[in-house]
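Enquirer: Can you keep this structure in mind? I'll have questions shortly.
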Amino acid sequence: MIEIRDVHKKLGSLEVLQGIDLTIQSGESIVIIGRSGSGKSVLLKHIIGLMLPDSGEILVDGVEITHLSHDERRQVRRRFGMLFQGAALFDSMTVEENVGLGLREHTRMSPEEVLAKVRACLDMVGLSGVEKMRPSSLSGGMKKRAALARAIAVEPEYVLYDEPTTGLDPITADAINELIRGLQQQLRVTSIVVTHDMASAFKVGDRIAMLHDGKVIFQGTPEETRRADDPEVKRFILGEATEAPFPPRHMEIAARRRTGVWRWLGR
Amino acid sequence: MESPEAQVQRPATDEFLDPVMSLGERVLGTLEEIGRFFMLLWETILQFPAGIRSAPRLVDQMYQIGIGSLPLVILTSLFVGAVASVQAAYQFQNFVPMRYLGTVITRSVVIELGPVLTALVVGGRVGASISAELGTMKVTEQIDALETLAINPVRFLIVPRVAAAILMLPMLTVFSDIVAVFGGWMIARLSLDVSTSVFVEGVRLFFRARDVFGGLVKAFVFGAIISLAGCYYGMKTEGGAEGVGLATTKAVVASSVTILVADYFLAELILRVIFGAAE
């Protein structure tokens with residue numbers, strides 16, 4: 001179980017997290033939604049200890065992680081796996097080396113055992129035959145799959161997903177969603193998914209929490225989310241902008257550019 | 001335009017304190033950077049024994065830093081020796097006999113030119129590549145990914161690079177010394193009319209092994225400076241391609257300047273304190 005208690009974080013002059021309270025039960029799949037810049041990724045990085053809060057507590061199975069030393073925090077992190085938005089595969093290594101890195105570093109498995117485990121993980125994410133390839137020659141969806149294989153190879157209890165479907169075509173995105181759901185059921189891990197893709201949120205979440213202005217403004221099941229009264233949640237689900245995307249003055253400038261020298265150049 | 005009232009209302013102290021505050025911020029920022037650098041250095045020392053245990057990563061870095069830089073070092077050293085020969089001969093004209101040509105070239109190369117020019121050339125090549133590589137890893141979250149796998153980036157990435165650089169810089173300097181003296185001899189022989197036997201006699205005349213040793217100690221320190229500057233600026237890269245470019249520039253500038261400053265202090269230390277006391 002992960003408990004986040006009154007976490008505050010300032011980045012520069014911007015207060016990104018303004019008192020986050022959230023409890024994540026073991027074995028559940030929670031989706032954290034919110035607009036770009038609402039602090040979702042920052043929150044995720046706090047959970048895994050890549051960022052430290054200015055104030056507040058984060059407890060992983062009762063252990064407060066923000067006051068631990070670097071090495072102690074790394075020990076806690078061995079129970080986590082994380083899928084980054086850009087996959088973050090090590091581009092100096094092959095797919096096989098990427099997936100097997102955690103095993104080679106932290107276990108006493110023989111190279112053959114590591115290889116077998118790597119193959120099994122790649123199979124699980126539906127990616128085989130690319131073991132010897134470099135990340136640079138993989139497509140976006142394949143990179144995410146490989147990164148997911150790397151995250152689950154160390155058999156984590158918690159898997160964190162940072163925008164798993166962003167930048168993928170709808171079919172590949174759906175395949176990734178299926179994969180998250182499948183791994184959740186097969187490996188019985190706790191999944192924490194950060195996304196702004198509502199289709200993905202409804203598909204993979206047992207529970208959905210919405211972040212707005214650095215606070216959790218809503219928590220509930222997908223069904224409750226659909227029926228939510230909160231205007232912010234409603235707007236987010238329907239994808240409606242609250243204000244005009246471009247302030248009038250910018251529109252005016254843009255319009256003026258069309259006349260003047262630009263029209264002359266266009267002729 | 002601001003109204004005159006607004007201008008009057010603005011507190012005058014702010015304007016007065018602005019330069020002082022910005023100066024204070026800069027000083028604090030610089031002190032913070034120095035602090036961070038030494039924290040990285042300390043962490044590198046702590047992780048050193050664990051970091052060099054992985055032979056493949058160390059050998060890979062040694063290959064890239066050492067063998068990779070060898071052609072460049074040979075080419076530059078050849079011309080350094082050649083120009084040392086021409087310069088020395090020009091200054092000797094009618095005052096100093098040419099049999100001292102070999103002496104001057106060898107000693108200046110071994111004590112000063114070899115280590116420093118090798119460090120500057122390798123610093124440009126290796127410092128830039130380390131900071132660009134680590135910087136790209138940082139901005140594409142690969143460093144964070146290492147952390148999530150519970151791997152210490154200092155042990156995994158920095159220690160092999162620093163270890164390889166402090167091992168390979170002295171070796172490259174030995175090559176540089178030999179090639180530069182060879183370059184000096186070549187010019188002496190071909191364009192200055194100094195015979196091989198006279199040149200070699202000069203080389204042997206005041207040659208002292210401890211000068212070579214002093215040069216190698218310098219190279220060792222320069223290796224640490226180059227790799228640590230590359231790693232430091234690489235690891236603190238922020239914001240995309242522009243950040244990586246900036247980190248690379250900073251790493252090369254910082255290592256070049258530090259090499260020349262450190263060279264002076266090392267010369268004082270080695271030539272005066274250590275060798276001076278031994279006399």
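The values are calculated or read from the model by the stated rules, or taken from the named source; none is laboratory data. All values derive from a computational prediction rather than experimental measurement. For neighbour counting, all protein chains shown are included, and Cβ atoms are generated from backbone atoms with ideal geometry for every residue, glycine included. Surface accessibility is based on the protein's heavy atoms, side chains included, excluding ligands, DNA and RNA. Shrake-Rupley method; radii C 1.70, N 1.55, O 1.52, S 1.80 Å.
Residue by residue, here is whether (1) open to solvent by less than 30 Å² (accessible area, probe 1.4 Å); (2) part of a helix (DSSP H, G or I); (3) small (Gly, Ala, Ser); (4) more than 14 Å from chain A (Cβ to nearest Cβ) holds:
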residue	(1), (2), (3), (4)
B:Tyr90	no, yes, no, yes
B:Leu113	no, yes, no, yes
B:Val116	yes, yes, no, yes
B:Met137	yes, yes, no, no
B:Asp144	no, yes, no, no
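Enquirer: Still on this structure: Given the conditions (1) open to solvent by 10 Å² or more (accessible area, probe 1.4 Å); (2) more than 14 Å from chain B (Cβ to nearest Cβ), report the number of the one that A:Gly140 does not fulfil.
Expert: With respect to (1) open to solvent by 10 Å² or more (accessible area, probe 1.4 Å); (2) more than 14 Å from chain B (Cβ to nearest Cβ), A:Gly140 is out only on (2).
Enquirer: Only one of A:Val216, A:Val261 is β-branched (Val, Ile, Thr) and modelled with pLDDT of 80 or more. Can you tell me which?
Expert: On inspection, the qualifying residue turns out to be A:Val216.
Enquirer: Answer with yes or no whether A:Thr172 is in a helix (DSSP H, G or I), in contact with a helix residue (DSSP H, G or I) (Cβ under 8 Å, 6 or more places away or on another chain) and either at pLDDT below 90 or within 18 Å of A:Leu89 (Cα to Cα) (or both). Steps first, answer last, please.
Expert: Working: in a helix (DSSP H, G or I): yes; in contact with a helix residue (DSSP H, G or I) (Cβ under 8 Å, 6 or more places away or on another chain): yes; either at pLDDT below 90 or within 18 Å of A:Leu89 (Cα to Cα) (or both): yes.
Answer is yes for this residue.
Enquirer: Taking the condition closer than 23 Å to A:Thr165 by Cα and open to solvent by 20 Å² or more (accessible area, probe 1.4 Å), does A:Ser128 pass?
Expert: Yes; evaluated as a whole, the condition is true for this residue.
Enquirer: In addition: Would you please list the contacts, defined by Cβ atoms under 8 Å and residues six or more apart or on different chains, that run from a residue in region A:66-83 that is more than 7 Å from chain B (Cβ to nearest Cβ) and within 22 Å of A:Lys9 (Cβ to Cβ) to a residue that is in a strand (DSSP E or B) and open to solvent by 20 Å² or more (accessible area, probe 1.4 Å)?
Expert: From region A:66-83, the pairs are A:Thr66/A:Gly56; A:Thr66/A:Glu57; A:Val76/A:Val63.
Enquirer: Here is a follow-up. For region A:10-47, enumerate the residues that are more than 16 Å from the chain's Cα centre (by Cα) and without any contact (Cβ under 8 Å) to a residue 60 or more places away in the chain.
Expert: A:Lys10, A:Leu11, A:Gly12, A:Ser13, A:Leu14, A:Thr23
Enquirer: Considering only region A:1-56, state which residues are assigned to a loop (DSSP other than H, G, I, E, B) and open to solvent by 60 Å² or more (accessible area, probe 1.4 Å).
Expert: Those that are assigned to a loop (DSSP other than H, G, I, E, B) and open to solvent by 60 Å² or more (accessible area, probe 1.4 Å): A:Met1, A:Gly12, A:Ser13, A:Gln25, A:Ser26, A:Arg35, A:Ser36, A:Gly37, A:Leu52, A:Asp54.
Enquirer: Here is a further query. Name the residues in region B:202-256 that are modelled with pLDDT under 90, buried (at least 22 other Cβ atoms within 10 Å of the Cβ) and not in a helix (DSSP H, G or I), would you?
Expert: Across region B:202-256, there are no qualifying residues.
Enquirer: List the number of the failed condition for A:Glu163; all other conditions in (1) buried (at least 20 other Cβ atoms within 10 Å of the Cβ); (2) within 27 Å of A:Leu43 (Cα to Cα); (3) without any contact (Cβ under 8 Å) to a residue 40 or more places away in the chain; (4) not basic (Lys, Arg) hold.
Expert: With respect to (1) buried (at least 20 other Cβ atoms within 10 Å of the Cβ); (2) within 27 Å of A:Leu43 (Cα to Cα); (3) without any contact (Cβ under 8 Å) to a residue 40 or more places away in the chain; (4) not basic (Lys, Arg), A:Glu163 is out only on (3).
Enquirer: Could you check how many residues of region B:1-52 are more than 24 Å from B:Ala251 (Cβ to Cβ) and either modelled with pLDDT of 85 or more or assigned to a helix (DSSP H, G or I) (or both)? Write out each step before concluding.
Expert: Of all residues in region B:1-52, those more than 24 Å from B:Ala251 (Cβ to Cβ) come to B:1-24, B:49-50.
Checking which are either modelled with pLDDT of 85 or more or assigned to a helix (DSSP H, G or I) (or both) leaves us with B:4-9, B:12-24, B:49-50.
Residues that pass the stated criteria total 21.
Enquirer: Can you tell me how many residues in region A:203-241 are within 17 Å of A:Leu17 (Cα to Cα), open to solvent by 80 Å² or more (accessible area, probe 1.4 Å) and not in a strand (DSSP E or B)?
Expert: Going through region A:203-241 one residue at a time, the tally reaches 1.
Enquirer: Right, next: Given the condition within 14 Å of chain A (Cβ to nearest Cβ) and of a type in the set (A, V, I, L, M), answer yes or no: does some residue in region B:195-210 qualify?
Expert: Checking region B:195-210: not a single residue is within 14 Å of chain A (Cβ to nearest Cβ) and of a type in the set (A, V, I, L, M).
Enquirer: Check whether at least one residue in region B:94-108 is within 14 Å of chain A (Cβ to nearest Cβ) and either free of Cβ contacts under 8 Å to residues at least 60 places away in the same chain or more than 25 Å from B:Leu246 (Cβ to Cβ) (or both), and report yes or no.
Expert: No, region B:94-108 contains no residue that is within 14 Å of chain A (Cβ to nearest Cβ) and either free of Cβ contacts under 8 Å to residues at least 60 places away in the same chain or more than 25 Å from B:Leu246 (Cβ to Cβ) (or both).
Enquirer: Right, here's the next one. Return yes or no: is B:Ala128 without any contact (Cβ under 8 Å) to a residue 24 or more places away in the chain, small (Gly, Ala, Ser) and either farther than 17 Å from B:Arg204 by Cβ or open to solvent by 40 Å² or more (accessible area, probe 1.4 Å) (or both)? Steps first, answer last, please.
Expert: On the way: without any contact (Cβ under 8 Å) to a residue 24 or more places away in the chain: no; small (Gly, Ala, Ser): yes; either farther than 17 Å from B:Arg204 by Cβ or open to solvent by 40 Å² or more (accessible area, probe 1.4 Å) (or both): yes.
For B:Ala128, the condition - without any contact (Cβ under 8 Å) to a residue 24 or more places away in the chain, small (Gly, Ala, Ser) and either farther than 17 Å from B:Arg204 by Cβ or open to solvent by 40 Å² or more (accessible area, probe 1.4 Å) (or both) - is not met.
Enquirer: Among the residues of region B:124-131, is there at least one that is within 14 Å of chain A (Cβ to nearest Cβ) and hydrophobic (A, V, I, L, M, F, W, C)?
Expert: The answer is yes; a qualifying residue exists.
Enquirer: Could you grab me the full set of residues in region B:92-109 that are assigned to a helix (DSSP H, G or I) and open to solvent by 10 Å² or more (accessible area, probe 1.4 Å)? Break it down into steps so the answer makes sense when it comes.
Expert: Filtering region B:92-109 down to residues assigned to a helix (DSSP H, G or I) leaves B:92, B:98-109.
The answer is B:Phe92, B:Met98, B:Arg99, B:Tyr100, B:Thr103, B:Val104, B:Arg107, B:Ser108.
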